[in-house]
Amino acid sequence: MTAITTTMPKTAPRLGRIALLALALTATVFLVAFEQGTLTGGLPVLHEAFHDARHLLGFPCH
Ligand SMILES: [Zn+2]
């Protein structure tokens, strides 16, 4: 009897985690620094929520 074995590359899960982390960081930077109401139908809810953090990090907004 012959067992069929497959080997998965060990780097695949690690690359997946790195890709998810990069996506999360990119989304966070966008939400904190650049979102001006695009995602909330023109209301600057996220802009106001992150306003102090935006100024603390040195991103211009007004
Ligand atoms: Zn401001």
Report task. Can you tell me which residue among T28, T5, T38, T11 is of a type in the set (S, T, Y) and at pLDDT 85 or above? Result -> T28
Query raised in the report: Do we have any residue at all in segment 44-61 that's at positive phi and touching a Pro at 6+ places or on another chain (Cβ under 8 Å)?
Result: no
**Report entry** segment 26-48 residues that are within 17 Å of G58 (Cα to Cα), paired with ones that are open to solvent by 70 Å² or more (accessible area, probe 1.4 Å) (beta carbon under 6 Å, 6 or more apart)
**Finding:** H47/Q36
**Report entry** Qualifying positions in segment 31-50 - within 11 Å of the ligand (Cβ to nearest atom) and more than 18 Å from the chain's Cα centre (by Cα)
**Finding:** P44, E48
**Report entry** Single match in L15, L23, L56 (criterion: within 16 Å of the ligand (Cβ to nearest atom) and either open to solvent by 80 Å² or more (accessible area, probe 1.4 Å) or out of contact with any Phe, Trp or Tyr (no Cβ under 7 Å at 6 or more places or on another chain) (or both))
**Finding:** L56
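The values are calculated or read from the model by the stated rules, or taken from the named source; none is laboratory data. What you are looking at is a predicted structure, and each value in this text was computed from that prediction instead of being measured. Glycine gets a Cβ as well: all are built from the backbone with ideal geometry, and neighbour counts include every protein chain shown. The area values use the complete protein model at the heavy-atom level, side chains included, leaving out ligands, DNA and RNA. Shrake-Rupley method; radii C 1.70, N 1.55, O 1.52, S 1.80 Å.
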